[in-house]
């Protein structure tokens, strides 16, 4: 079985760059990727041993939703009517630009037309500013279930493993397969991506740790505010932003349920911040330690595929909070976000 994945969305959202990021070197030539002008015309198929990636021409400014939808759906139907099972589209990646942090009505209408075969892929999520993250998530998760939203960065190689896992599951569910065929497909898929996954995992781990240390250092800087309680709001905002960004590093669109669980699993998180406000000589280590602990618990949660329970997360938090005591956060200066 060779599944077919179609990639579409507006011009300039990074569709071809995404295909290049999830395929072996040389599959997508560098000249096919343009950062300043549309580079893909009509439909370009990139074939690998495990899948066909159909890179679609982007929706141009001024083009109507109906025109672009017809353009895409005509190709889907043409492939379906060809009688060639290898051409049938099993999964659609609809890409929106995280750097722009806008979901337009046209995007929403197209996404709904693809029904349950679409994954909403937020590209360039490494470019999203602090104030954009929560607003974007609230809009996206009102439109489509969280399990069908994937945050990726082709540049930073983040979220790609999550995108592939969800795509493989969607492709496997698209048709009925003879005994052994599905197992063979999974084996080929895993073999093709084995080395890439190892590299992505190492890079993701490095990104997550850097983000946690940055957020803990930022918490230490916030805790220097001399007025009691004045730092509680910024500390909580810093913590929530860190969780959003950690989710994006692993490809997850974080909703309020996840935020509440991770922020609350620390037990004494908010209470600790309040207490820290009245103990000036402890404010920095308490604030940084709690943020560090929450970050490590969140990291473990996303690494597990969001399967860890509250008890396991509590253990992760306590272990990390204890580990943070070995760091002199007072010497840490707030650095630029990684």
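What follows draws every value from the coordinates through simple rules; no lab data is involved. In this text the structure is predicted, and so the values were computed from the model without any measurement. With ideal geometry, Cβ positions are generated from the backbone for all residues, glycine too; neighbour counts draw on all protein chains shown.
Against the 2.2 N^0.38 Å scaling, with N counting residues, where does the range 50-181 land? I'd like the Cα-based Rg ratio to two decimal places.
The range 50-181 yields a ratio of 1.12.
Sort 324, 106 so the one with the fewest other Cβ atoms within 10 Å of its own Cβ comes first.
Ascending Cβ contact count within 10 Å gives the list 106, 324.
If each residue's Cβ is checked for other Cβ atoms within 10 Å, how do 8, 127 rank with the fewest at the top?
127, 8
Pull out a ≥ b ≥ c, the square roots of the eigenvalues of the alpha-carbon gyration tensor of the range 4-80, then state rounded if a/c is under 1.5, prolate if not and a/b is larger than b/c, and oblate in the remaining case.
oblate
Fewest first, what order do 261, 168 take by the number of other Cβ atoms within 10 Å?
By the 10 Å Cβ count, ascending, the order reads 261, 168.
Please find the FRET efficiency linking residue 84 to residue 184, where r is the Cβ-Cβ separation and R0 is fixed at 30 Å, and quote it to the nearest 0.05.
0.95
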